[in-house]
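Here's the structure we're looking at; comments come further down.
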Ligand SMILES: NC(=O)c1ccc[n+]([C@@H]2O[C@H](COP(=O)([O-])OP(=O)(O)OC[C@H]3O[C@@H](n4cnc5c(N)ncnc54)[C@H](OP(=O)(O)O)[C@@H]3O)[C@@H](O)[C@H]2O)c1
């Protein structure tokens, strides 16, 4: 069976910077079907040779073109014209009947419905056919209403099992590792609740500003760009119950239950906007879009009801760092054994980016003749385990799973809908963002909620 991956928006940043490198690496690693064609759909007047030349200019890293060049074909189409989809159908049909066809929409979300309709009406995808799948990039809508409206259209044309909604955080190795750390280790699973865990911090800090993405970002902000998707996905994996089965049904079923029980404490919501944000092109001079958000949430179920979950994400901060910090409670019932010593609390940190690994702090007797107790770290470097240092990118894992028709790492519609409902509920209660010069200037605001981690 031949695989055809058709990318709409093949002249965009996502294709050049993420998808082409991921596809190249998958071919190099022998993880793609040997019989593969990548149809790069665009409105620009390119030949395949022109397209490859342009892509070579744009993909500035050390892309190994010899792997991908032979399988690329550029197809010039106007995606708003119905006939374009018949043309595409004819191109695909030339490859015979025995095909696995993936349609990847790397375009702005306002084009999702028109492309979905074109694909469906030209019978490029028919319902109940698992060999035809369609992939949507984030953001999936701008709020609950728009997401529901997009989704309604998609369900008109496709089965849920044919729809892949990307949240690239789920392709990161350490995010996938959360469930292994939790459920494959008795030491953690037996203590993974409010009885043992004092607090959880979910942090995704970025150093970069919005760059030239003013047009997109000013309508979105940090809550919708980061919290609705990446941070909600992280908390659902951290807090979910053990799934009945370790597959897409079992895992997604438990994740959505977490989101349904999650409540954001609006009293403690902190919004910020970095100084100079309004100087970017295409940003409203009176913009109150937040580029930073921090808040506390609770999960109303018997496992978590007294454990606070703290979230922080923002742009133009002191560092790029995504991690999950689990602070265990102090072991107070052994106080009588060491009455004069303040035992450290165990801390587990799941490092997602830029380093990937696990840090765990626990108490030991100090070496030598002393009886002192001290906290020491175990620091596991995940990426160091890969011999050539060639760590697969999140998009590699996600494209591989789409090729293998495995939707486990793709949010199901009810997860997206519930996450939007959480963000929408905040909309009316949002305070005006505080203007911050840098991360240090946010610290006084954060000292109550985040005193342990700032
Ligand atoms: N870039 C990333 O790292 C990233 C990460 C996560 C999610 N995403 C999402 O991925 C999608 C694409 O992002 P991007 O960064 O690649 O955007 P981009 O650089 O602006 O590229 C958009 C692509 O869509 C095409 N396009 C736009 N309007 C069109 C129209 N009316 N008719 C036909 N083609 C049209 C563009 O064609 P032209 O070249 O002809 O303009 C281009 O190929 C967006 O939904 C974005 O939110 C991107």
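We did not get these values from a lab; they are worked out from the coordinates using the rules stated. Just so it is clear, the model here is predicted, and its values are computed rather than measured. For neighbour counting, all protein chains shown are included, and Cβ atoms are generated from backbone atoms with ideal geometry for every residue, glycine included.
So here's what we get for this one:
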| item | result |
| --- | --- |
| DSSP bridge pairs, the range 337-392: antiparallel proportion in percent, nearest 5 | 100 |
| Prolate/oblate/rounded label for the range 129-265 (Cα gyration tensor, a/c 1.5) | oblate |
| Estimated [θ] at 222 nm from DSSP helical runs (n ≥ 4, -39500 (n - 2.57)) normalised by residues in the chain, nearest 500 | -8500 deg cm²/dmol |
| Distance between modelled label sites at residue 441 and residue 142, nm, 7 Å Cα→Cβ extension | 2.9 |
| Three-way shape call for the range 2-166 based on the alpha-carbon gyration tensor, with the a/c threshold at 1.5 | prolate |
| Estimated FRET transfer efficiency when R0 is 51 angstrom, pair residue 241-residue 156 (beta carbons, to 0.05) | 0.95 |
| Rough spin-label spacing in nm, given labels placed 7 Å along Cα→Cβ, for residue 366 and residue 301 | 4.4 |
| Theoretical gain in end-to-end length, residue 332 to residue 28 [0.36 nm per residue, Cα-Cα removed] | 104.1 nm |
| Cα long-axis angle, helix 112-121 against the chain (0 to 90 degrees, to the nearest 10) | 40 |
| Computed over the range 251-395: relative contact order in percent, which uses C-alpha pairs under 8 Å that are six or more apart | 14 |
| Gained length - residue 288 relative to residue 406, 0.36 nm times residue gap less alpha-carbon distance | 38.5 nm |
| Rounded tilt (10° steps) of 48-58 against the dominant C-alpha axis of the chain | 20 |
| Relative packing of peptides 4-15, 278-289, 110-121 - highest average C-beta neighbours within 10 Å first | 4-15, 110-121, 278-289 |
| Cα gyration tensor shape for the range 324-430, rounded if a/c is under 1.5, else prolate or oblate | oblate |
| Within the range 85-101: backbone nitrogen closer than 20 Å to the residue 35 label point (7 Å, Cα to C-beta) | 89-101 |
| Estimated FRET transfer efficiency (residue 426, residue 2; beta-carbon r; R0 45 Å; 0.05) | 0.45 |
| Contact order relative to length of the range 1-154, as percent, for alpha carbon pairs under 8 angstrom and 6 or more apart | 29 |
| Packing-based ranking, highest mean first, of 415-428, 159-172 given that Cβ atoms within 10 Å are counted | 159-172, 415-428 |
| Residue exposure sequence - 174, 240 - by fewest surrounding Cβ within 10 Å | 174, 240 |
| Fraction of beta bridges assigned by DSSP in the chain that are antiparallel (%, nearest 5) | 55 |
| For the range 170-446: relative contact order, % (alpha-carbon pairs under 8 angstrom, 6 or more apart) | 26 |
| Cα long-axis angle, helix 82-93 against the chain (0 to 90 degrees, to the nearest 10) | 90 |
